[in-house]
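Okay, so here's the structure we're looking at.
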Amino acid sequence: MVPMLNKLKLAANLAANMGSRYLLFRISHELKKKTGLLKKKFPVSPPFRTYLTLQQWKDQPSVFFFRDRESLVLKRQPTDLLKQGFENLRAGKFLMFNSFEMPLGVDYDWVTNPDTGFRYDVRKHWTEIPDLSKEAGDIKYVWEKSRFSFLYDVIRYDYHHGEDCAEFVFAEMLGWIKCNPINCGPNYRCSQEIALRVMNWTFALHYYRNSAALTEAVFAQIQFAIYWQLHHVYHNIHFSRIAVRNNHAITESLMLYLSGILYPSMPGTTKYMEQGKKWLEQEIDYQVYSDGTFLQFSMNYHRVVVQLLTWAIVLADKNGHRFAPMLYDRAEQSVKFLAACMDTASGQLPNYGNNDGALFFKLSEADYRDYRTQLQGLAHALGMTIPSIGVVEEVQWYGLPTRLEKEWKVPDGIHSFPEGGYYLIREKGVLTFIRCGNHRDRPHQADNLHLDIWVNGVNVLLDAGSYKYNTDEATSRYFSGTQSHNTVMLGKTDQMLKGGRFIWYYWTQAKNATVVETDTAYRFEGAISAFRHVGNGIVHRRTVEKARGSNVWSVTDSIDSKPESHPLRQLWHLPQAGTEDVVITAQEGETPLAAQEGTGWESSKYGLKAATREVVFTASGNSIATQIAIKG
């Protein structure tokens, strides 16, 4: 009886957080799946039809970023890195999640998980394919190549090295079509992946517009696959808009809008475009807050939105369209927020929130963790430039002017983003980043009041990242939980109660947060309601004071209504090397506390993890005062 009551209590908590619309949709969706009604919307083995001929496509009035390969005027800059990357790809070595290579082979079947060796059954309708399976492993390993973001590496190699790669590109596209029957198998499981695939194929089609390899027969297969993939996205869009409501919905809405620009002669795209534009504006209005922060509480997923907005704004402008003024304002505020959070020396941001290695449109050689090129791309789309970043290749691929008079410089001092719950202190070469936010949208990590510190390009106090979404429970719990963040726990208890895969119960909420500056210091004060599954009325209060012009931080953590049975544990995570000059000391009242040194984990890129220094202070009372000092 007690377990049943607990389940009902948790279900009620989830309903209160997610809303009745979400729950009713999920129930309806599952019923349609079980009764087979959902299958009928997504037919398999539809008869082949030519919806659009090659010549009709070429004659369309739509304007892309560029007309074709021959019209591009970028300076050619061949590099060994670009060449090696293409040679590896041609040899069947694929860069997974912008992180590590895996030997997929030259005859990869597109449906085998290279991490587990599991081969999905492409005879099964996509509704019968689970996205979470212990036997199959992480389905993202199958989706990764099938989104075709690797085409940008090939196209950039083609352009800068002057080697025609058209036959290779179209062979990859046709190989995918052959191995993935319409609406079957894992690669039709996620509509966002489908939308990205169509966008990336479209980029390649324009680049190789005049290639002899783009024959009528080749285009016929591609246009048929594009038609049915657009059909799939349109008829499944409400799953993303209601059940998921994150960057998936933005991607899919954008692709539907662009379908009417890029394929206006294809049946259905006029309707798709009208609905897609409306939905895209609605999603940006809902998901990107007015201060430029983003509902997923993830720096990398926010960059995903930055790139999607760049496509939307540039292609709308080139084709004489305009969005609601709100969209341009949210885009500009996003650039300013992310640029404010960026370490100037490296171009990196705190590895905060979920980070699955996504970089949909890689149009430069910059490292995956370097955000400068994508921020400059959107800035230029908005008619402004960030002078500290300079000219980047991505701007030129989008056909945007490289020099603009309107500039925006990231000011030093304090920055507050209260809607998202981010508070920053910027001094030359030093970034102090604090999260203290409300959750009106689903949190993915139990990390409120996390503190990140960067000094001259070194992430001194770091966020562990994500590692993998589908891994063993203990590892998943570590990376998504409080233990991997620079905040506090009660014993070994997370701030929130962990539920299923991406579910947390009893969301933390900010009670107050301020950051101010004086003649001698910068001071943050914040408090959150937390640990509600442990006891009532528990509040975590944190004060962070940074001495002006000195790399010394004073941190005080206190817990109101702390249960006596749960010791207060304060956690700090540092890189294994390069932080020998960092000294952390703590005390409870007047009593010094001994530091417990251990090993933690960091995943700077998806699928990889490395050991970190973990420093823990434990107090029986309700308060710990800590000093973090960097010598030299």
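Read-outs: derived from the displayed coordinates by stated rules, not from any lab. What you are looking at is a predicted structure, and each value in this text was computed from that prediction instead of being measured. Here the Cβ is made from the backbone with ideal geometry for all residues, glycine too, and neighbour counts use every protein chain on show.
In this label model, residue 128 and residue 583 are separated by 6.7 nm, measuring between points 7 Å along each Cα→Cβ vector. Pairwise Cα distances in segment 138-196 exceed 18 Å in 40 percent of cases. Helix 269-287 and the longest principal axis of the Cα set of the chain meet at an angle near 10°.
Ratio of Rg to Rh for segment 288-409: 0.93 [Cα atoms; Kirkwood radius as inverse mean 1/r over pairs].
Under 29 Å of direct C-alpha separation, and excluding same-chain neighbours fewer than eight residues apart, residue 83 reaches these lysines: 75, 93, 140, 145, 178, 362, 605, 609. I'd like the orientation of helix 216-238 relative to the chain: the angle between its Cα long axis and the longest Cα principal axis, in ° from 0 to 90, rounded to 10. Roughly 40 degrees between the two axes.
With +1 on each Lys and Arg Cβ and -1 on each Asp and Glu Cβ, how big is the dipole of segment 413-630 about its Cα centre, in debye rounded to the nearest 20?
620 debye
Note on segment 363-516: semi-axes of the ellipsoid equivalent to its C-alpha gyration tensor, largest first and rounded to whole Å, are 34, 19, 15.
Among (i) 77, 30, 23; (ii) 43, 29, 23; (iii) 52, 27, 22, find the value of semi-axes √(5λ) of the Cα gyration tensor in Å that was calculated from the structure presented, and write down its label. Answer label, from the structure shown: (ii). Cross-link check: pairs 134/336; 277/406; 318/409 evaluated at a Cα-Cα cut-off of 32 Å; pairs beyond the cut-off: 134/336. Considering all C-alpha pairs of segment 413-630, those separated by over 21 Å amount to 52%.
Counting other Cβ atoms within 10 Å, which GluC sites (Glu not before Pro) in segment 570-607 have at most 11 and lie in a DSSP loop? Those satisfying the criteria are 580, 590.
If you take the charge dipole of segment 413-630 about its Cα centre, with +1 on Lys and Arg Cβ and -1 on Asp and Glu Cβ, which of 595, 425, 528 is farthest toward its positive end? So the residue we want is 528. Potential lengthening of the chain between residue 274 and residue 32 amounts to 84.5 nm, from the contour at 0.36 nm per residue minus the alpha-carbon distance. Under 15 Å from a label point set 7 Å out along the Cα-to-Cβ vector of residue 24, the amide N atoms of segment 241-258 belong to 242-243.
Sequence-distant contacts, meaning Cα pairs under 8 Å at least 6 residues apart, place the relative contact order of the chain at 10 percent. Residues of segment 90-127 with an amide N closer than 17 Å to a point placed 7 Å from the Cα of residue 365 along the Cα-to-Cβ direction: none. Relative to the longest principal Cα axis of the chain, at what angle does helix 372-381 sit, 0 to 90 degrees, rounded to 10? Orientation of helix 372-381: about 60 degrees from the principal axis.
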